[in-house]
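Let me begin by presenting the structure, written as structure tokens, before commenting on it.
The values are calculated or read from the model by the stated rules, or taken from the named source; none is laboratory data. If you're wondering where the values come from, they're calculated on a predicted model, not measured in any experiment. Note that we place each Cβ from the backbone using ideal geometry, even for glycine, and neighbour counts take in every protein chain shown. Areas reflect the complete protein model, heavy atoms only, side chains present, ligands, DNA and RNA absent. Shrake-Rupley method; radii C 1.70, N 1.55, O 1.52, S 1.80 Å.
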Amino acid sequence: QDPEAQLKLGLNPTPDTEISFWKTRANNLNSISEQLSSKPNRRILRALEIAKSTYCTDFSKLCREARKARDEANDNVKYLQTLEKWMRKLNEDDVENLTAIFKPIMHTLMLIWKHSTHYNTPNRLVVMIREMCNSVIDQSCRFISGEQIFLLIENEEANSAVDHITLVLNVCGS
């Protein structure tokens, strides 16, 4: 499912969901494109043209739309792959290290925005940034949960709880 649709449903996809979506879409559309350009399908299209069939125009339009969607998906995969290592770090690094990767992530997003043919719309950028925020929230929740905070307080380690919360707030605020 499109990560944008997941966001609209109140789900919390992360950037790896976005990248995976485009890879799957590109693979599917590449397969469809191969099938549409196969010899048997070209013969069918030629027969429709010779017969002056009304389906010829619709079939040609379908082929063009599939090609256009394939080109978009392949272009998006090409550019989004440059984010994979950063998104892996965003999902797996310790919370203390997250602020160090924000600048390279944003720089890479800026380059994608500047050079991509299809992934350079405000909507796509907003979705990616929301997904990145979801990753930061996931990391923060794994680092310290409400239950852990109250357990630290109960064990008279309030300073440690404050330190954990401060760290998470600093990461979220950067």
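Here are some notes:
- Scan of segment 95-110 for residues that are more than 16 Å from the chain's Cα centre (by Cα) and of a type outside the set (Lys, Arg), ordered by number: Val95, Glu96, Asn97, Leu98, Thr99, Ala100, Ile101, Phe102, Pro104, His107
- Residues of segment 119-174 classified as in contact with a Phe, Trp or Tyr (Cβ under 8 Å, 6 or more places away or on another chain), in contact (Cβ under 8 Å) with a residue 24 or more places away in the chain and over 14 Å from Asn97 (Cα atoms), total: 1
- Filter result (under 12 Å from Pro3 (Cβ atoms) and open to solvent by less than 40 Å² (accessible area, probe 1.4 Å)) within segment 114-132: Val127, Met128, Glu131, Met132
- Against the numbered list (1) surrounded by 18 or more Cβ atoms within 10 Å (Cβ to Cβ); (2) among the small types (Gly, Ala, Ser); (3) under 30 Å from Arg25 (Cα atoms), Ala69 comes up short only at (1).
- Test for Arg88: is it within 17 Å of the chain's Cα centre (by Cα), in contact (Cβ under 8 Å) with a residue 24 or more places away in the chain and open to solvent by 90 Å² or more (accessible area, probe 1.4 Å): yes
- Exactly one residue out of Glu147, Glu154, Glu131 is modelled with pLDDT of 95 or more and acidic (Asp, Glu), and it is Glu131.
- Taking the listed residues Ser135, Ser53, the one that is among the small types (Gly, Ala, Ser), part of a loop (DSSP other than H, G, I, E, B) and either under 16 Å from the mean Cα position of the chain (by Cα) or surrounded by fewer than 16 Cβ atoms within 10 Å (Cβ to Cβ) (or both) is Ser53, with no other qualifying.
- Looking across Leu80, Leu98, Leu109, one residue alone is hydrophobic (A, V, I, L, M, F, W, C), free of Cβ contacts under 8 Å to residues at least 40 places away in the same chain and either in contact with a Lys or Arg (Cβ under 9 Å, 6 or more places away or on another chain) or within 24 Å of Lys8 (Cβ to Cβ) (or both). It is Leu109.
- Odd one out for Ser174 among (1) open to solvent by 50 Å² or more (accessible area, probe 1.4 Å); (2) touching a Pro at 6+ places or on another chain (Cβ under 8 Å): (2)
- If the condition is being closer than 20 Å to Asp16 by Cβ and open to solvent by 30 Å² or more (accessible area, probe 1.4 Å), then segment 138-149 contributes Asp138, Cys141, Arg142, Phe143.
- Residues considered: Leu167, Leu80, Leu152, Leu111. Of these, the only one that is aliphatic (A, V, I, L, M), surrounded by 14 or more Cβ atoms within 10 Å (Cβ to Cβ) and within 22 Å of Asp16 (Cβ to Cβ) is Leu80.
- Among the residues listed as Asn30, Asn97, the single one being modelled with pLDDT of 95 or more and either surrounded by 14 or more Cβ atoms within 10 Å (Cβ to Cβ) or of a type in the set (S, T, N, Q) (or both): Asn30
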